[in-house]
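Asker: Structure below; questions to follow.
FYI, it's all coordinate maths here, none of it is from the lab. The structure presented is a predicted model; accordingly, all values stated were derived computationally and were not measured.
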Amino acid sequence: AGDIIFVGRVINRNMVTIANAIVNSTLLAFFSELIGRTDLGDGLLTTYGPELLSFSLPNPYLFDKNQNLLLNFECLCKREVKGIQEEVKQPDRRALDDVIFDVLGLTKGEREAVYEAVIDLVTKRLQKARSGRRSGYAEARYNRQSE
């Protein structure tokens, strides 16, 4: 959730939309916060090849017949992404994540822990950036996520 861009190649072209839905989940945002690099300053988070190899991407074939994943992803694509604190409260975001969490067997408590953790990691990263030098980009992103 946020300005995260992944570039990759899906070998089975029939799985592209499923893979896109998975990488746009809160779970993958959480992994990105855990594994990504924050050394660029201004609170920016980047994830390069070596880190991407350590991502635990759920197998897209587990979702092959799951129309709910595709429908929820389609809904999510029709609106602008909000700051993480608001994004994780959005019904369409929750619906997409629920499909993934269901397949992975996460309990309600574990799901909430993912949301709390990603909010905490993003907030700390952006606060750390604010405590250093301020730039327009980091400040604007923090303010948008705090709304």
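Asker: Taking θ = phi - 60°, what integer Hz values does the Karplus form 6.51 cos²θ - 1.76 cosθ + 1.60 yield along the range 57-69, in sequence order, with x for Gly and Pro?
Answerer: After applying 6.51 cos²θ - 1.76 cosθ + 1.60, I find 6, x, 4, x, 5, 5, 10, 3, 9, 8, 5, 4, 4 Hz.
Asker: Still on this structure, I have one more. Take every Cα-Cα distance within the range 23-108, group them into 5 Å bins from 0 onward, and report for each bin the whole-number percent of pairs it holds.
Answerer: Percent of Cα pairs in each bin: 3, 12, 21, 22, 20, 15, 5, 1, 0.
Asker: Here is a follow-up. Give the lysines reachable from K89 as a straight Cα distance under 16 Å; neighbours fewer than 8 places away on the same chain don't count.
Answerer: Leaving aside lysines fewer than 8 places away in the same chain, those within reach of K89 are K108.
Asker: Pull out a ≥ b ≥ c, the square roots of the eigenvalues of the alpha-carbon gyration tensor of the range 31-78, then state rounded if a/c is under 1.5, prolate if not and a/b is larger than b/c, and oblate in the remaining case.
Answerer: Oblate, since a/c reaches 1.5 and b/c is not below a/b.
Asker: Separate question: Once a ≥ b ≥ c are taken as the square roots of the eigenvalues of the Cα gyration tensor of the range 15-54, is the result rounded (a/c under 1.5), prolate (a/b larger than b/c) or oblate (a/b not larger than b/c)?
Answerer: Prolate is the answer for the range 15-54, as a/c is 1.5 or above and a/b outweighs b/c.
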